[in-house]
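Please read the structure below before turning to the comments.
The values are calculated or read from the model by the stated rules, or taken from the named source; none is laboratory data. A quick note: this is a predicted structure, and the numbers were derived from the prediction, not measured. A quick note on method: Cβ atoms are made from the backbone with ideal geometry, for glycine too, and the neighbour counts reach across all protein chains shown. Note: areas computed on protein heavy atoms with side chains; ligands, DNA, RNA excluded. Shrake-Rupley method; radii C 1.70, N 1.55, O 1.52, S 1.80 Å.
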Amino acid sequence: MAAENNNRISSFFRTAGVQIAEPVVFIGKVVSQFPSLFRKRGFRRKEMLYYLDLCGAKSIPVVTLICFLMGAVLGIQAALQMRKVGTEIFVVDLVGFSVLKEFGPLMVAMISTGRAASAFAAEIGTMKVNEEISALETMGIDPAAYLVYPKLLAMLISLPLLAVFGDAAGIAGGMLVGSSLNIPFQAYWARTIAVLDQMTFLLGVAKTLVFATLITLAGCYCGFRASSDAQGVGRGATSAVVLSIFLVVVADAVITLLYSFIGY
Amino acid sequence: MTNAKNIKLEIKDLVIGYGDRIVLQDLNFHVRSGEIFCIMGGSGCGKSTLLKHIIGLFRPQSGDILISGQSIVNATAEERRLIMRHFGVTYQGGALFGSMTVAENIALPLREYTDKSRQEIEEIVNEKLELVDLAGFGNFMPSELSGGMCKRAGLARALALNPDLLFFDEPSAGLDPITSAGLDRLILSLREQFNTTIVVVTHELDSVFAIADRVIMLDKASKTIVADGSPADLRAHSENAWVREFLSRDGLKRNAGEQ
Ligand SMILES: Nc1ncnc2c1ncn2[C@@H]1O[C@H](COP(=O)(O)OP(=O)(O)O)[C@@H](O)[C@H]1O
Ligand SMILES: [Mg+2]
């Protein structure tokens with residue numbers, strides 16, 4: 001009985017160990033290939049441009065729309081509360097800070113989990129089914145480096161830019177609500193400029209660099225570990241989305257805590 | 001064994017499998033330079049598994065694999081990549097990179113490992129396409145090619161760096177008999193022109209008798225090699241009745257009926 005329990009416990013730890021070790025090994029593989037980027041032909045511009053288009057340019061409309069609505073919704077909720085005490089002008093502060101610090105970067109990240117993480121996992125999973133990953137390996141090309149870095153670079157460039165679009169759209173959403181509260185655009189803008197500072201904006205945008213890294217790694221990891229069949233590819237894409245949402249939210253909490261130490 | 005220099009590929013006491021499960025064990029064989037060597041056996045007996053271990057995609061549980069005298073098992077990651085550049089692999093479905101044209105696929109190893117100019121690479125690509133009878137298809141995407149064409153394009157890519165050792169996984173699987181015979185002729189002409197050593201995994205009898213100098217037969221039940229020799233010889237004289245049957249038409253028909 002005790003032996004059986006022992007077995008169960010040890011097998012639990014072994015399973016847990018594998019689940020922790022696997023991603024760590026994957027990240028190690030990717031990082032260890034970093035120097036290869038600086039070799040001849042190490043940097044794959046064409047692939048990077050493709051992902052820049054997929055994860056960046058093609059996401060602009062949806063990011064803009066969602067952040068605009070998010071800004072408007074925040075504005076309405078804030079207005080409902082502020083009206084009670086007659087301090088409608090603080091709607092501007094609340095929308096501005098919420099969008100710049102949280103909603104802009106977070107919405108961009110959420111949209112990217114759907115667009116990028118799932119696409120990365122499905123692409124790598126399909127390549128695995130077609131033995132393209134094996135083919136890369138037997139050509140002596142490291143699949144982790146070959147496939148991860150163009151995506152990572154594209155994400156590191158596109159997410160901060162998307163966040164800028166998102167921030168602008170969110171504040172525009174707040175403005176629309178503000179105008180219905182008798183805060184004219186000029187007054188809204190003046191207040192926005194007055195209360196928000198550059199650092200708040202930059203720290204918010206900087207968050208997306210962390211999100212971009214997590215989303216890319218989660219997407220690629222789930223693709224590489226997907227089982228080599230059609231269902232495996234589908235499941236890989238799903239778990240890529242779930243894993244990256246989870247990682248983004250956890251990272252956001254940690255970053256918010258860290259920022260609070262420096263007073264933001 | 002009299003002439004070690006002539007041995008291109010040597011397998012010593014190899015045990016392979018996935019996780020704790022052993023798929024094949026007690027494997028000992030070698031392939032000579034310039035030989036066309038077939039690995040045969042019923043489906044699910046571990047042919048592909050053996051191939052994937054030989055080309056270094058998986059680590060064996062024990063034993064050694066020597067390619068031109070170098071162990072791919074004990075090599076460091078960097079050494080393994082170096083060994084891999086000296087052989088070519090043609091995968092079952094071609095394994096062309098879907099995001100690149102056929103020409104870009106073939107050019108990839110050249111751009112990766114040589115200092116050749118764009119012009120030179122283009123020439124080599126065209127030459128390889130010609131070799132596999134796909135001249136003019138360089139600008140096609142893999143999705144626009146038929147199954148047989150994908151395999152030939154995959155072969156062209158495997159040949160890009162002029163390897164002297166070539167591995168084939170099921171060249172005739174999923175092809176009609178005429179296309180498949182064409183691929184057999186291609187394999188023979190490669191050996192004739194370049195003296196390439198060719199290892200083929202297949203269960204296609206016609207192919208085996210057309211191209212193979214020597215075959216090994218793998219058996220699922222005993223998990224090891226049950227016969228090693230020239231196909232005609234084994235069919236006529238093997239001590240193992242199952243081998244004789246497998247290599248004869250009757251056996252094939254009965255096997256096909258079982259599946
Ligand atoms: N990646 C894998 N993980 C675990 N088992 C596998 C894997 N690939 C194949 N197998 C198992 O190994 C055995 C041999 O498979 P395979 O080498 O594909 O046979 P063959 O190519 O001769 O038809 C089968 O029982 C198969 O289920
Ligand atoms: Mg097979």
0 to 90° range, to nearest 10: angle between helix B:118-131 axis and chain B longest Cα axis: 40 degrees
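Multiplying the sequence separation of residue B:78 and residue B:233 by 0.36 nm and subtracting their Cα-Cα distance, what value in nm do you get?
51.6 nm
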Calculate, for residue B:21 and residue A:206, the FRET efficiency according to 1/(1 + (r/R0)^6) with r their C-beta to C-beta distance and R0 45 Å; round to the nearest 0.05. 0.40
Name the most mobile residue of A:200, A:138, A:64, meaning the one with the largest mean-square fluctuation, in a Gaussian network model of chain A with Cα contacts below 10 Å. A:138
Measuring from its Cα centre, chain A shows a charge dipole (+1 at each Lys and Arg Cβ, -1 at each Asp and Glu Cβ) which, in debye to the nearest 20, is 280 debye
Residues in the range B:152-182 that a label on residue B:68 would reach, taking backbone N under 11 Å of a point 7 Å out along Cα→Cβ: B:162-165
Treating cross-link reach as a plain straight distance, find the aspartates and glutamates whose alpha-carbon is under 18 Å from the alpha-carbon of residue A:84, omitting any fewer than eight places away in the same chain. A:93
If N is the residue count of the range A:134-215, its Cα Rg over 2.2 N^0.38 Å rounds to 1.71
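Inverting the mean 1/r over all pairs of different Cα atoms, compute the Kirkwood radius of the range A:39-261 and quote it in Å.
Hydrodynamic radius (Kirkwood, Cα only) of the range A:39-261 equals 18.6 Å.
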Dipole of the range B:166-223 [Lys/Arg +1, Asp/Glu -1 at C-beta], most positive-end residue of B:210, B:196, B:172: B:196
In nm, to one decimal, how far is the modelled label at residue B:135 from the one at residue A:32, with both set 7 Å along Cα→Cβ? 4.6 nm
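Compute the FRET efficiency between residue A:90 and residue A:262 as 1/(1 + (r/R0)^6), taking r as their Cβ-Cβ distance and R0 = 30 Å, and round to the nearest 0.05.
On the way: r = 24 Å, r/R0 = 0.80.
The computed FRET efficiency comes out at 0.80.
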Enter the mean number of other protein chain beta carbons within 10 Å of the beta carbon of each residue in B:82-92, as an integer. 3
Protein heavy-atom accessible area occluded, B/A pair - total, 1.4 Å probe, Å²: 1800 Å²
Over all pairs of different Cα atoms in the range A:58-122, the reciprocal of the mean inverse distance gives a Kirkwood radius in Å of 13.0 Å
Projected label distance in nm at residue B:181 and residue A:83, using a 7 Å step from Cα toward the beta-carbon: 8.5 nm
Above-threshold pairs, the threshold being 20 Å between Cα atoms, out of A:29/B:12; A:151/B:52; B:116/B:151; B:52/B:151; A:151/B:116: A:29/B:12; A:151/B:52; B:116/B:151; A:151/B:116
For labels at residue B:192 and residue B:222 in the simple 7 Å Cα→Cβ model, what's the distance in nm? 3.7 nm
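Express the accessible area of chain B per residue in Å², computed with a 1.4 Å probe while the remaining protein chains stay in the model.
Numbers: 11980 Å² over 259 residues.
Heavy-atom SASA per residue in chain B reads 46 Å².
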Note: residue A:57 to residue A:18 extended length (0.36 nm per residue) minus current alpha-carbon separation gives 10.3 nm
Just which residues of the range A:133-156 lose 10 Å² or more accessible area with every protein chain there, against their chain alone, with the probe set to 1.4 Å? A:134, A:135, A:136, A:137, A:138, A:139, A:140, A:141, A:142, A:146
Residue (of B:125, B:159, B:94) at the positive-pole extreme of the range B:92-162, dipole from beta-carbon charges: B:94
Rounded to a whole number, the mean other protein chain Cβ count within 10 angstrom for residues of B:103-109 is 2
Report, in degrees rounded to the nearest 10, the 0 to 90 angle that the Cα long axis of helix A:2-32 makes with the longest principal axis of chain A. 70 degrees
For residue B:223, counting only aspartates and glutamates whose alpha-carbon sits under 15 Å away and dropping same-chain residues fewer than eight positions off, the answer is B:13, B:20, B:26
Probe 1.4 Å, all protein chains in place: accessible area of residue B:133 in Å², nearest 10? 120 Å²
Spread of Cα-to-Cα distances over 10 Å intervals beginning at zero, given as percent, for the protein assembly as shown: 4, 15, 22, 20, 15, 11, 7, 4, 2, 0, 0
In degrees from 0 to 90, rounded to the nearest 10, what is the angle of the helix A:185-195 Cα long axis to the longest principal axis of chain A? 60 degrees
At R0 = 22 Å, how high is the FRET efficiency between residue B:127 and residue B:99 if r is their beta carbon distance? Nearest 0.05 is fine. 0.40
Which of B:242, A:189 is most accessible, then next, and so on - probe 1.4 Å: A:189, B:242
